[in-house]
Amino acid sequence: MSVRHLRRVGLVLALLAGAVRAGPAPRHNPALDRDLLKAFAERRTGFHNPIVARVWLRVMSHRLRPYVSNPQDRIRLLLAVHAEAVEAQVSPELVLAIINTESDFHRFAVSSTGAQGLMQIMPFWLREIGRPGDNLFRMRTNLRIGCTILHYYLRRAHGDYALALQDYYGQRDGLRYEQRVLMLLTDRWYWH
């Protein structure tokens, strides 16, 4: 095993000891353990068909334009979202709707509670996993943690988006948060 691989495994195991912004993560949960171990394995692009990739990127880039003006930045963000979402087995479009709700695509966003980055991950994650020098403003780190947590909550909610989104958000505020995300998913980030 390489040192890099051992660090990833250590990171994943340390992740299991902490709680996410979306509420307390179960401790010593074999299912979450497997998800997190997989999340920090080598990554792929997520696309299996170059024609679908080209069409998806063109459509989503057009929709993302009001938020990210630079075309190269849009494509880089979309490729990262797609890769991390597919690897975590969640919908890339759902991740885009969450990012739109959480940070409005501002990579350096910080909430009033201190959550950071695109998917608004709490900084205590990095301390709890023993990597305080890592950066939640790094797009791939933020997306990888956020998508993995989202997958866990979706699986725990048996695919119920509303319930999983409440858990991701970390509090019950009626249906406002999940309604915002789901409205963006159906009105802006849909894919058929």
Item to check | Gain in span if fully extended, Arg140 to Ile75, counting 0.36 nm per residue against the direct Cα distance | outcome: 22.0 nm
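How far, in nm, would the chain grow between Phe108 and Ala157 when pulled straight, counting 0.36 nm per residue and subtracting the alpha carbon separation?
Going from the current span to full extension adds 14.6 nm.
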Checklist entry - In what sequence, highest mean first, do 139-152, 57-70 appear when ranked by Cβ atoms within 10 angstrom? => result 139-152, 57-70
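Go through 183-191, 80-88 and give me the packing order, highest mean Cβ count within 10 Å leading. Intermediate results must be reported in sequence, preceding the final value.
Numbers: 183-191: 15.0, 80-88: 22.6.
Top of the packing list down: 80-88, 183-191.
Since every read-out is calculated from the coordinates, none of them should be taken as a lab result. No experiment lies behind these values; they were computed from the predicted model shown. Ideal geometry is used to build each Cβ from the backbone, glycine not excepted, and the neighbour counts take in all protein chains shown.
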